[in-house]
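The structure appears right after this line, and notes come after that.
Just so it is clear, none of the values below were taken in a lab; they were calculated from the coordinates. Remember, predicted model here, so these are calculated numbers, not experimental data. With ideal geometry, Cβ positions are generated from the backbone for all residues, glycine too; neighbour counts draw on all protein chains shown.
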Amino acid sequence: MSRRDDLSQPRRGRVGEFYDPEAFGRFSEAIARTLGTGRFLVVQTVVVVTWIFLNVVAVRLRWDPYPFILLNLAFSTQAAYAAPLILLAQNRQDDRDRAQAEVDRAVNARTQADTEYLARELSSVRLTLADVVTADDLRTAVDRVADALGELAERLDRLAPKAAEAEALDDPEGTTDLVHPA
């Protein structure tokens, strides 16, 4: 597409060298904001009704007789200027919206990346915590060891009298205690 066919940007010509496009854009937005209000419509309606009343009733003040050609010319001139100013204001708003959409996309991408990172970190924490021993696991293990020690103590208690008898039979003189003191 040639520069001449591109309507997204205004062409720079000789006129473009003598005015500030930003200032003109702000002016067009102010006009568009004014034209789009109920107050403007009410004032315009009052002016039109007054115009028509004075031109129909006040015979001496008739400056625009019945077909109201001057009023139509005023409306045509207003429309001829209002339409491009409103379009310019809309284009500026579209540019702002496009820039804001780019910022929003960048923020959304960063937010998504952060969310994915946090999800991975949370998953690794869950996997790490799956291997961690809990207090209940420790209590169960300690209880099992205590039960095993209790059973071992009972067995030793049962075996101790038998071991003493067997030792007494093997060493009737008690010399084993002297060689291997307990």
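Could you tell me whether residue 68 is surrounded by 12 or more Cβ atoms within 10 Å (Cβ to Cβ) and at positive phi? So residue 68 fits the description; yes. Only one of the listed residues (100, 112) is closer than 30 Å to residue 9 by Cα and under 32 Å from the mean Cα position of the chain (by Cα). That residue is 100. When segment 52-86 is filtered for residues that are of a type outside the set (Phe, Trp, Tyr) and more than 26 Å from residue 31 (Cα to Cα), the ones remaining, listed by number, are 54, 55, 56, 57, 58, 59, 60, 61, 62, 64, 65, 67. Taken together, 34, 77 contain a single residue that is out of contact with any helix residue (DSSP H, G or I) (no Cβ under 8 Å at 6 or more places or on another chain), assigned to a helix (DSSP H, G or I) and among the hydroxyl-bearing types (Ser, Thr, Tyr), which is 77.
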